[in-house]
1. Could I have the simple spin-label model distance between residue 300 and residue 77, label points 7 Å from Cα toward Cβ, reported in nm to one decimal?
2. If I stretch the segment between residue 233 and residue 282 completely, what's the gain in nm (0.36 nm per residue apart, minus their alpha carbon distance), one decimal?
3. Tell me the relative contact order for the range 26-177 as a rounded percent, counting alpha carbon contacts under 8 Å between residues six or more apart.
4. What is the helix-to-structure angle for 128-139, meaning the angle in degrees between its Cα long axis and the longest Cα principal axis of the chain, kept from 0 to 90 and rounded to the nearest 10?
5. Provide 158, 113, 291 in ascending order of the number of other Cβ atoms located within 10 Å of each residue's Cβ, fewest first.
6. What is the Cα convex hull volume of the chain when expressed per residue in Å³?
7. Using 7 Å Cα-to-Cβ label points, what is the residue 226/residue 241 separation (nm, one decimal)?
8. Could you check what % of the DSSP bridge pairs in the chain are antiparallel, to the nearest 5?
Ligand SMILES: NC(=O)c1ccc[n+]([C@@H]2O[C@H](COP(=O)([O-])OP(=O)(O)OC[C@H]3O[C@@H](n4cnc5c(N)ncnc54)[C@H](OP(=O)(O)O)[C@@H]3O)[C@@H](O)[C@H]2O)c1
């Protein structure tokens, strides 16, 4: 057991969180976080009791939350250490009222933005994040459909957590079962797993659906990137990927013509035209467009 020095506290740890992100800390692949070095203490969120304090803000007996790692005792200088109410279940600070809970709450409400009557789908639905996503979705009036592994978890998600439906991703025909559980398609897919589950969800997404990319646990042990867009970089770099068709923005047309028209007239926008003379040359010019033969905005001068 280490001795706290000036400015430090010693915490006897009583609870430790295990989380999927730890998989990433066990790899030296490029990441937002430094991997845990060989011989270092593995990272983890923890809860414990201060047993000795040389820090003005903490005293012996305080129940605290910290990132104390996989060990019985942790020393800390107090940075990021939070006192907990000893009367409340302190381990909730590592789950439903902690990092996983905030993940569900923020990802669903800030990015998913579920509206009453919409369908919200989440996988790992019986887990720390997913269980809260579906229940908050229902509180907001949406229909919550979970995806979970095995009959026991599926029953729990429906009967205890109160989701409207739940399908088993280990049973045969996940795409068919999911389509039956989501007869009006999917408006919010809270991405927790990636892989085969993501592939089953994708064709069911409705127009203007939102996909908070929270976790890709099915892919954390991949040794090579999967084909197609790399969802891990969407997750780690907070990328915004949103499709659009211009007709959706017809309401911007008046502002657009005023602003861009002004820039064009003032010479702040350069604009090149590629003019083909004669309607009879249109087919050939169109084929050229698909191969890069045009240089600038392709127009046919008819008369
Ligand atoms: N973005 C963030 O800041 C953030 C923060 C916290 C968590 N997360 C992510 O959120 C997700 C859930 O985390 P959690 O802490 O709540 O864990 P959890 O759901 O309590 O536990 C992980 C669950 O993932 C499911 N799973 C594992 N491998 C799978 C696979 N190959 N295909 C489908 N499902 C699989 C399993 O549930 P089933 O048996 O039901 O399949 C497993 O129980 C993870 O991807 C995690 O990395 C992200």
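FYI, it's all coordinate maths here, none of it is from the lab. These numbers were taken from a predicted model, which means no experiment stands behind them. Please note: Cβ atoms are built from the backbone with ideal geometry, for glycine as well, and neighbour counts cover all protein chains shown.
1. 7.2
2. 13.4 nm
3. This gives 13 percent for the range 26-177.
4. So the inclination is approximately 60 degrees.
5. Listing 158, 113, 291 from fewest to most nearby Cβ atoms yields 291, 113, 158.
6. Once divided by residue count, the hull of the chain is 248 Å³.
7. Reported label-point gap for residue 226 and residue 241 is 1.0 nm.
8. In the chain, DSSP labels about 45 percent of beta bridges as antiparallel.
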